[in-house]
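A short worksheet on the structure shown next.
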Amino acid sequence: MTITRHRRRRARAVSAVAVAAMAVGMAVPLALPAAAAGSTLQAAAAESNRYYGAAMAGSYLNNSQITGILQREFNMITAENEMKMDATEPNQNQFNYTNGDRIVNWALQNGKQVRGHALAWHSQQPGWMQNMSGQSLRNAMLNHVTQVATHYKGKIHSWDVVNEAFADGNSGARRNSNLQGTGGDWIEAAFRAARAADPGAKLCYNDYNTDDWSHAKTQGVYNMVKDFKARGVPIDCVGFQAHFNSGNPVPSNYHTTLGNFAALGVDVQITELDIEGSGTSQAEQFRGVHQACLSVARCTGITVWGVRDSESWRSSGTPLLFDGSGNKKAAYNYSLDALNQASGTVRATPGGQNGGQQPTQQPTQQPTQQPTQQPTQQPTQDPGNGGGTGSCTATYSEGEKWNDRFNGVVTIRANGNIRSWTSTVTLQNPQRIIATWSGSPTWPSANVMVMRPNGGGALSNGQTASFGFTVQHGGNWTWPSVSCAAS
């Protein structure tokens, strides 16, 4: 049937510099049985105590294929438009929860949780609110927050209390909106009103283009959250929308951003994930986002902004995990594998583009500094059976390439049980390694790197671990040579 295209709010800002996509390939498999691998997104995420969600439009309730996918794959639901300001208060003090209730009730009846989106926002305001200013607008905004949060009290996991309040560009300042004109403390006031209305819900600030740690907008939001935590303003989480495309790819320091916010004492959530593209290139970026979240203990969940490409607000960019016919894409397979690796399992993907094997490419540009948090799980014990009786092999895979550098990934495979491993990477002049991830390197000489695992490094027979690096090639594109020694 025909699905009505849903409104969506903005033209996404595009980065002036196409920072290559990331990220931390940090998960080292544990010695867990293959049966422990989650066969759906929600099951795989649950293995590391995370949720996996999707945005849902009211029209999805009339499409059995979409609701079937939602039932199978997701355990957190966000209403796409039905709980926003214009939908819930079309006329001042006249609230309409009909469409929002349909989604919330369906979610709860089917064992899902709900993210509330969004209580206060400069966009998608009802006409009557757009024409207000000053104290009258402030009072109306706070009344809206109170009434809507009270209506859904006890039904919401997390609220996007304030959405997109910071300006794009290099200022790091608040957006010049009608809400900002009500006073510099309006965001704080909204959070306090939401806490009073629903003490049980987690209260989040949500924004886009806050993914790159070096960006002024990211720093502006970070400083606000730091200030709120210092002064006891009730903020529990920060949402990163994660809308990416070729002009605004996943940044190399995404995991650093998530980790630094988490270190303030808030949860971080990826709230509106979609990545324009197709095939392996798109799948790699999805995997990178998942790995970044999984490397930060307080990254508590991931939500994709829709189910099928055909209903996406960016449908021409095919940005989701399922195509218009409801088929799983390569992006789905890579995302599921990343989730399973976080819990120490690797899922075979029959029929997937990678033929059930792990992808041979890593995401694009890698971080130049270590993340603020290490992966939540590392092998710490012998795999048993006497450990240390086997050997290992190292295999090099080519990753992304640019004019001046390229990525490489080394996969370590245990042949028998091993207690740990060491891999040697030898470069060709004038190459030099400018970044590494998922291991602890030392440098016996300028063109030799010795990589050891983070943690114990124990692998049982047939298990694999991997690490990666970025090479500035200086005109020499020759692959490095790699070797492995087991203990």
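The values are calculated or read from the model by the stated rules, or taken from the named source; none is laboratory data. Bear in mind that the values here come from a model prediction, so they are computed numbers and not experimental data. Glycine also receives a Cβ, built like all others from the backbone with ideal geometry; neighbour counts cover every protein chain displayed. All accessible areas refer to the heavy atoms of the entire protein, side chains included, with ligands and DNA or RNA removed. Shrake-Rupley method; radii C 1.70, N 1.55, O 1.52, S 1.80 Å.
The table that follows gives values for the structure above.
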quantity: Accessible area of the range 251-327 divided out per residue, in Å², using a probe of 1.4 angstrom; calculated: 20
quantity: J(HN,Hα) series, the range 471-484, from Karplus relation 6.51 cos²θ - 1.76 cosθ + 1.60, nearest Hz, glycine and proline x; calculated: 10, 7, 8, x, x, 9, 8, 4, 5, x, 8, 9, 8, 9
quantity: Phi to ³J(HN,Hα) by Karplus 6.51 cos²θ - 1.76 cosθ + 1.60 over the range 265-277, Hz, x for Gly, Pro; calculated: x, 10, 6, 10, 9, 8, 10, 9, 5, 8, 9, 5, x
quantity: Estimated distance in nm for a label pair at Asn415 and Ser325, the labels positioned 7 Å out from Cα along Cα-to-Cβ; calculated: 4.3
quantity: Prolate/oblate/rounded label for the range 201-241 (Cα gyration tensor, a/c 1.5); calculated: oblate
quantity: Residues with amide H under 5 Å from that of Gly116, placed H, sequence gap 5 or more; calculated: His157, Ser158, Trp159, Asp160
quantity: Base-10 log of normalised Debye intensity for the range 95-181 (one unit scatterer per alpha-carbon) at q = 0.13, 0.16, 0.19, 0.22 Å⁻¹; calculated: -0.51, -0.72, -0.92, -1.10
quantity: For the range 398-481: accessible area per residue (Å², 1.4 Å); calculated: 40
quantity: With 5 Å bins from 0: P(r) over the range 434-474, alpha-carbon pairs, percent; calculated: 5, 19, 27, 22, 14, 8, 4, 1
quantity: Accessible surface of the range 179-222 [probe 1.4 Å, protein heavy atoms]: carbon and sulfur percent; calculated: 52
quantity: Residue-normalised accessible area of the range 77-140, expressed per residue, 1.4 Å probe, Å²; calculated: 39
quantity: Residue-by-residue Karplus 3J(HN,Hα) for the range 71-83, coefficients 6.51, -1.76, 1.60, Hz, glycine and proline x; calculated: 4, 6, 9, 10, 10, 9, 10, 10, 5, 5, 9, 6, 10
quantity: Compactness index (Cα Rg / 2.2 N^0.38 Å), the range 244-351; calculated: 1.06
quantity: Point-charge dipole on Cβ atoms (K/R +1, D/E -1) for the range 141-212, about Cα centre, debye to 20; calculated: 420
quantity: Carbon/sulfur fraction of accessible area - the range 67-168, other protein chains in place, 1.4 Å, %; calculated: 41
quantity: Amide H partners (placed H, <5 Å) of Asp267, local residues excluded; calculated: Cys237, Val238
quantity: Cα→Cβ-extended label distance, 7 Å offset, between Gln65 and Gln130, nm; calculated: 3.5
